[in-house]
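The values are calculated or read from the model by the stated rules, or taken from the named source; none is laboratory data. Treat the numbers as computed from the prediction; the structure is a model and nothing was measured. Positions of Cβ are generated from backbone atoms using ideal geometry, with glycine treated the same way; all protein chains shown enter the neighbour counts. Accessible surface areas use protein heavy atoms only, side chains included; no ligands, DNA or RNA. Shrake-Rupley method; radii C 1.70, N 1.55, O 1.52, S 1.80 Å.
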Amino acid sequence: MAAAVIRRPLARAAVLAGLAFVPAVVAGCAQAPVTGREQLMLISEEQANQLGAEAWQQIKAETPVSQDSAAQNRVQRMGERIAAASGAEGIDWEFVLFEDETPNAFALPGGKIGVNSGMLKIARTDDQLATVLAHEVGHVVARHPSEQMSQSAAIQTALGASGIGDEAVGQLVQMATGVGQLSFSRAAEAEADRIGLQYMARAGYNPEAAIALWQNMAAATAEAGQPPEFLSTHPNPEHRIENIRAALTEVMPVYRANI
Ligand SMILES: [Zn+2]
């Protein structure tokens with residue numbers, strides 16, 4: 001990830017002091033893109049990427065990849081366009097459409113982003129799908145999975161003992177699939193919305209579509225009688241829509257400059 005995106009005071013201090021190395025594990029603070037919010041990071045990017053890759057393999061082993069090549073290509077092409085527009089560097093992005101009717105999408109450290117086929121019934125246009133993809137890209141660039149794991153007592157204990165391994169991979173899989181207790185904080189969700197609007201606008205997708213996307217999500221929830229997975233980890237569509245409306249004045253000029 002670009003040094004301009006994530007600030008690492010310890011690493012910077014080492015460089016300033018003339019030391020010729022950057023520690024492999026840097027625990028400390030980081031700063032989220034777009035919002036500039038300070039974050040607690042106990043997990044290095046290298047650790048997180050390794051854990052993300054393991055969780056990704058586990059999910060791929062358990063969930064079939066969609067055989068609809070047109071839809072698969074669409075998700076990849078749009079995801080890569082948004083990832084490029086984020087300006088984040090050094091991330092090995094991968095976008096995969098999974099065959100799963102549960103309307104869910106998720107992000108793992110290292111730029112692994114999954115969209116379930118059921119989400120395409122809610123994200124019905126390119127701009128609406130871009131809202132979902134840009135939100136997930138926002139989670140990755142802001143390193144929300146690492147931040148969430150840094151706040152987990154179990155991970156903190158593991159960090160102090162033999163290192164993080166299966167426990168962390170399991171937590172990431174739970175976070176992604178919406179099965180476990182671990183989900184992003186409300187602040188992280190609002191931040192991914194805000195970052196996502198910015199990135200989709202830069203990529204030339206209309207950020208106004210975020211409103212329709214969340215309205216579709218709310219309607220699907222009402223119809224199902226219980227929240228789909230994505231909503232159980234992404235609460236309060238009405239509240240989000242208010243925040244998105246407020247952010248539109250800032251991002252619509254960006255969109256207009258990029259179409
Ligand atoms: Zn989210």
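Inspection of the range 153-162 finds no residue satisfying the criterion of being under 24 Å from W214 (Cβ atoms) and either at pLDDT 75 or above or part of a helix (DSSP H, G or I) (or both). Only residues that are closer than 19 Å to G87 by Cα, under 12 Å from the mean Cα position of the chain (by Cα) and part of a helix (DSSP H, G or I) were counted in the range 108-147, giving 12.
The conditions of being modelled with pLDDT of 80 or more and open to solvent by less than 10 Å² (accessible area, probe 1.4 Å) are not met by G110. When A70 is tested against (1) outside any helix (DSSP H, G or I); (2) aliphatic (A, V, I, L, M); (3) loosely packed, with under 14 Cβ neighbours inside 10 Å; (4) modelled with pLDDT of 90 or more, exactly one condition is not met: (1). Of the residues in the range 39-46, not one is farther than 24 Å from E147 by Cα and open to solvent by 60 Å² or more (accessible area, probe 1.4 Å). Just a yes or no: is a residue in the range 183-194 modelled with pLDDT under 75 and more than 29 Å from P253 (Cα to Cα)? Yes: the range 183-194 contains one or more residues that are modelled with pLDDT under 75 and more than 29 Å from P253 (Cα to Cα). Reported count of residues in the range 47-67, each being of a type in the set (A, V, I, L, M) and surrounded by fewer than 16 Cβ atoms within 10 Å (Cβ to Cβ), is 2. Count of the range 101-118 residues, restricted to those that are free of Cβ contacts under 8 Å to residues at least 24 places away in the same chain and of a type in the set (K, R), is 0. Pairs, please: C-beta under 6 Å, at least 6 apart or cross-chain, first residue modelled with pLDDT of 95 or more and in the range 122-137, second polar (S, T, N, Q) and not in a helix (DSSP H, G or I)? So the pair list comes out as D127/N206.
A count restricted to the range 189-210 and to residues that are aromatic (F, W, Y) and not in a helix (DSSP H, G or I) stands at 1. If only residues of the range 51-62 that are touching a residue at least 40 places away in the same chain (Cβ under 8 Å) and touching a helix residue (DSSP H, G or I) at 6+ places or on another chain (Cβ under 9 Å) are counted, the one that is farthest from N116 (Cα to Cα) is L51. When residues in the range 79-93 are screened for being open to solvent by less than 40 Å² (accessible area, probe 1.4 Å) and either modelled with pLDDT under 95 or part of a helix (DSSP H, G or I) (or both), 5 of them pass. Among the residues of the range 67-89, the ones that are touching a residue at least 12 places away in the same chain (Cβ under 8 Å) and more than 16 Å from the chain's Cα centre (by Cα) come to 5 in all.
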